[in-house]
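Here's the structure we're looking at; comments come further down.
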Amino acid sequence: MSPQGVNPAYRRRTLAPFQPTPPGGPCLSNRPKPLPLAVSPIAVDAATGAAMLGMGYDSFARYVKPHVRSIRRNRLQLFPVAELERWARESAESVL
């Protein structure tokens, strides 16, 4: 023990010089590389489809779901964006 009552090895560990974190975080090299292009989804879930059409989930379930094709895998149900666009086109009122 040193005269101050602190082990010198402990003092060296705790009083190491400050090293700033590099920009972007400590593990920048481990992060996945971003895709060069923006990827738009081919199919979306019901909540996202409702948001894309500007309506609530209940309205989407009542007015849209029965009229568009969907992709089902177990409990997952996806709606192709092209189907949602088709439904919007066909459901739009004509201008008088």
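Across the stretch 71-96, what is the total count of residues that are surrounded by 15 or more Cβ atoms within 10 Å (Cβ to Cβ) and small (Gly, Ala, Ser)? Show your work before the answer.
Taking the stretch 71-96 as the starting set, the residues that turn out to be surrounded by 15 or more Cβ atoms within 10 Å (Cβ to Cβ) are 78-81, 83-84, 87.
Narrowing the set further to residues that are small (Gly, Ala, Ser) leaves none.
Number satisfying all stated conditions: 0.
Answer yes or no: is there a residue in the stretch 15-32 that is exposed (fewer than 14 other Cβ atoms within 10 Å of the Cβ), of a type in the set (Lys, Arg), part of a loop (DSSP other than H, G, I, E, B) and at pLDDT below 95.
Here is the first cut: in the stretch 15-32, the ones exposed (fewer than 14 other Cβ atoms within 10 Å of the Cβ) are 15-32.
Retained after the next criterion (residues that are of a type in the set (Lys, Arg)): 31.
Within this subset, residues satisfying the condition of being part of a loop (DSSP other than H, G, I, E, B) are 31.
Cutting the leftovers down to at pLDDT below 95 gives us 31.
Yes, the stretch 15-32 has at least one match.
For Tyr63, only one of the following conditions fails: (1) within 18 Å of Ser40 (Cα to Cα); (2) in a helix (DSSP H, G or I). What is its number?
All conditions are met except number (1).
The values are calculated or read from the model by the stated rules, or taken from the named source; none is laboratory data. All values reported here derive from a predicted model rather than from experimental measurement. When we count neighbours, we look across all protein chains shown, and the Cβ atoms used for this are built from the backbone with ideal geometry, even at glycine.
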